[in-house]
Amino acid sequence: MKRKRQILIVDDLKLNRASFAAILGGKFEVLEAENGKIALEMLVKHKETIAAVILDLMMPVMDGFEFLEHYKNMREYQDIPVIVATTSDELENERKCLALGAWDFIPKTFHPDIIRFRVMNAVQKSKVRTLEFDPMTGIYNQQKFFQATREMLDEAEDEKYAFIRFDVDRFKMINSLYGPEEGGRLIHRIGQAVAETVRENGGGTYGRISGDIFCMCIPYNGKKEVGALTDKIREKVRRKNMQYYLETSAGIYIIEDPDTEINQIYDNASIAAEQCKGQHMVHKVFYSREMSDRLMREQMIINEMDAALEAEEFVVYFQPKYELEKMSPHGAEALVRWQKPDGTLIPPNEFIPVFEKNGFIVKLDYYVWEKVCRFIRKELDAGRDLAPISVNVSRVNLYNPKFLETIIDLVETYKIPAKYLHLEITESVFSEDATIIQNAVNYLHRAGFTILMDDFGSGYSSLNVLKDVNLDVLKIDMKFFSRGASEEKAKKIVEAVIRMAESLNMPVIAEGVEEKNQVEFLCGLGCDYIQGYYFAKPMPQIQYQRLLYGQ
Ligand code: C2E
Ligand code: CA
Ligand code: CA
């Protein structure tokens with residue numbers, strides 16, 4: 001059976017309360033309060049079941065106006081209609097009440113039909129309004145928030161606005177670790193923090209979009225202010241939480257053109273928020289045009305990648321490595337480029353990170369390895385003495401269960417002794433899952449491959465890696481050879497690294513060497529190989545063959 005909803009009658013005169021009760025008692029269960037203070041307490045207690053409030057204005061302790069003042073500030077109660085009962089039609093009182101959020105008026109003439117009609121009307125309207133609020137937090141839901149924001153922007157004259165998207169990192173994890181009740185409490189707390197902070201700040205719209213995502217649209221008074229407001233919400237949400245570590249992200253979009261669609265505004269704030277994820281200590285990011293441009297470029301790359309691979313638009317370049325003792329080329333690194341049909345050459349830094357994210361790198365790496373195997377096969381068939389070619393192995397491949405089998409199959413298919421194909425694995429991979437990687441490395445060693453540690457010194461655990469994983473060759477990261485303020489320091493580090501590698505019996509390749517004095521410096525230290533523009537840039541296969549054998 002459905003429970004009867006309640007009507008709260010607030011009036012200091014018992015007789016008045018009784019009269020309303022007689023009229024409405026058939027439809028509602030009647031609650032009575034003799035002043036505003038008691039009424040507020042009842043409102044809080046019976047929030048879920050009160051369908052409407054009938055309010056007298058003149059009462060002791062707390063009058064109707066004061067009650068309305070409180071009611072106005074209690075967002076989550078505003079779908080409960082308050083109908084003011086008046087004795088005379090005092091216009092000024094009505095105006096005041098409306099400004100405080102009263103829904104309607106009824107005369108205290110106790111004309112039953114009119115009273116019933118007005119109350120039912122208000123209750124009906126409140127049902128529609130309930131659909132606009134998020135039940136968990138009492139603030140606007142997405143639809144209503146978007147609508148209210150649209151209206152606010154439409155009415156804005158010269159005012160500029162900022163739009164903030166706020167959420168909790170790994171909320172689903174919190175939900176599953178601490179239970180949905182805790183998740184719910186957290187959501188409620190964020191709702192409160194958002195509502196409170198925006199109100200204190202001088203207003204704006206706010207709402208819960210879905211899950212742990214909240215948005216606000218507030219008057220814009222400079223980046224510093226928006227940033228401070230965002231930080232404040234973050235602090236409030238985190239302060240009350242001592243139980244577990246909580247991180248938040250915020251994306252901020254400053255609305256340049258108030259006619260922009262709200263969906264677009266929201267997307268831009270989301271793009272900015274996305275930049276926080278995975279970035280340590282970054283809790284808020286302002287949107288910039290470049291972010292969208294980059295996403296667009298990424299999308300284009302994704303749209304075209306399959307067809308490009310099919311059409312062999314990816315080409316392999318070779319960058320020779322020079323043996324310092326003889327000052328002559330010894331092997332090369334294979335580096336991929338994307339050659340568009342119109343001739344433009346896209347550098348790998350533009351597409352490799354995208355492919356690493358979506359997994360396509362597994363296919364592309366294989367494609368490059370196969371091209372290199374074919375090249376090696378051709379050279380061997382021609383009876384030429386060949387130095388090893390190194391290929392890059394993406395981190396994604398190391399987690400690919402088929403990787404080891406695939407690469408071994410490949411060299412077997414082309415009948416290439418494993419010593420001709422060197423594998424470069426970037427240093428940072430080794431700090432991820434040590435055992436998986438170490439096992440892979442051991443397996444590759446048993447299959448006869450030589451493994452180069454690429455970009456040595458670029459990460460934070462380089463030395464640990466050297467200790468824990470058995471690698472064959474060390475490639476010193478390019479950044480040690482870039483010009484800049486710390487050049488002298490870099491030289492000292494390079495010197496130490498080369499000495500250390502020597503004592504570990506690891507040959508060293510210095511990468512990114514562009515200048516003569518660097519070459520001389522490295523020669524002096526006994527560095528084994530140099531790969532850098534000073535000697536040669538990456539070049540097409542034909543040119544590489546020419547370099548090795550002349551015309
Ligand atoms: P990496 O493996 O560290 O490759 C060395 C990069 O340094 C190459 O850039 C090379 O052209 C550049 N370089 C070499 N010497 C110099 C120099 O003296 N000065 C300067 N400024 N640069 C120099 P590239 O070809 O643009 O490749 C960039 C990165 O893309 C590579 O860094 C590698 O991480 C990735 N990559 C390239 N090809 C492949 C591939 O087939 N598979 C995978 N997984 N990654 C690849
Ligand atoms: Ca490399
Ligand atoms: Ca490198």
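Points worth noting:
- Here the dipole of the chain is about 1160 debye; that uses its Cα centre as origin and unit charges on the Cβ of Lys and Arg (positive) and Asp and Glu (negative).
- Efficiency of FRET from Cβ geometry, E298 and A485, R₀ 35 Å, rounded to 0.05: 0.60
- When the helices of the chain are scored as -39500 (n - 2.57) per DSSP H run of n ≥ 4 and the total is divided over every residue, the value at 222 nm lands at -15000 deg cm²/dmol.
- Cα gyration tensor category, rounded, prolate or oblate, for segment 484-538 with a/c compared to 1.5: oblate
- The slack between T49 and C523, meaning 0.36 nm per residue of separation minus the straight C-alpha distance, is 162.1 nm.
- Once the Cα atoms are used to define both axes, helix 142-155 deviates from the longest principal axis of the chain by about 80 degrees.
- Ranked by how many other beta carbons lie within 10 Å on average, peptides 65-72, 501-508, 331-338 from highest: 331-338, 65-72, 501-508
- Helix 361-381 and the long axis of the chain differ in direction by around 10°, with both axes built from C-alpha atoms.
- Peptide packing for 158-169, 426-437 was compared via the average number of neighbouring C-beta atoms within 10 Å per residue; ordered from the highest value, the list is 158-169, 426-437.
- In this label model, Q147 and R238 are separated by 3.7 nm, measuring between points 7 Å along each Cα→Cβ vector.
- Among the protein heavy atoms of the chain, carbon and sulfur supply 51% of the accessible surface, probe 1.4 Å, non-protein parts ignored.
- Charge tally in the Cβ shell below 15 Å around Q339, where Lys, Arg are +1 and Asp, Glu are -1, Q339 excluded: -3
- Degrees separating the helix 36-45 axis from the principal Cα axis of the chain, which is the longest one: 50
- 5 Å-binned pair-distance histogram of segment 321-449 (Cα, whole percent): 2, 9, 18, 21, 20, 16, 10, 4, 1, 0
- For the chain, the spread of Cα coordinates along the three principal axes comes to 113, 48, 45 Å, biggest extent given first.
- Packing around the peptides 142-148, 481-487, taken as the average count of other Cβ atoms within 10 Å per residue, puts them in this order, highest first: 142-148, 481-487.
- Near-label residues of segment 105-130 by backbone N, under 17 Å of a point 7 Å along Cα→Cβ of L13: 106-112, 115
- With a cut-off of 13 Å on the backbone N, no residue of segment 31-45 is near the modelled label site 7 Å out from T87 along Cα-Cβ.
- Judged by the gyration tensor of its Cα atoms, with axes a ≥ b ≥ c, segment 262-326 is oblate; a/c meets the 1.5 cut and b/c is at least as large as a/b.
- Solvent-accessible ranking of H280, H188, largest area first, probe 1.4 Å: H280, H188
- Just so you know, the averaged projected area of the alpha carbon convex hull for segment 297-549 sits at 14.2 nm².
- Computed over the Cα atoms of segment 142-287, pair by distinct pair, the Kirkwood hydrodynamic radius stands at 15.3 angstrom.
- A simple charge model with +1 on the Cβ of Lys and Arg, -1 on the Cβ of Asp and Glu and nothing else charged puts the dipole of segment 6-130 at about 440 debye relative to its Cα centre.
- Lys/Arg +1, Asp/Glu -1 at C-beta; the chain dipole; positive extreme among H280, F318, V82: V82
- Cβ-based net charge around D381, under 15 Å, with every Lys or Arg adding one and every Asp or Glu removing one: +3
- The lysines within cross-link reach of K37, meaning a Cα-to-Cα straight distance under 17 Å and a gap of 8 or more places when in the same chain, are K14, K45, K47, K72.
- Taking each residue as 0.36 nm, the span from K127 to D259 lengthens on full extension beyond its C-alpha to C-alpha distance by 44.4 nm.
- Unit charges on C-beta of K, R, D, E only; dipole of segment 405-448, Debye: 300
- Segment 6-130: C-alpha pair distances exceeding 18 Å, %: 45
- Per-pair calculated FRET efficiency, R0 = 35 Å: Q438 and M173 via Cβ, rounded to 0.05: 0.80
- Where the chain is the region considered: accessible area per residue in Å², 1.4 Å probe: 52
- Dipole of the chain computed with +1 at Lys/Arg Cβ and -1 at Asp/Glu Cβ about the Cα centre; of A434, M453, I346, farthest Cα towards the positive end is A434.
- For R499 and A22, the difference between the fully extended length at 0.36 nm per residue and the C-alpha to C-alpha distance is 161.9 nm.
The values are calculated or read from the model by the stated rules, or taken from the named source; none is laboratory data. Not measured: the values here are computed from a predicted model. FYI the Cβ positions are ideal-geometry reconstructions off the backbone, even for glycines, and counts take in every protein chain you see. Surface accessibility is based on the protein's heavy atoms, side chains included, excluding ligands, DNA and RNA. Shrake-Rupley method; radii C 1.70, N 1.55, O 1.52, S 1.80 Å.
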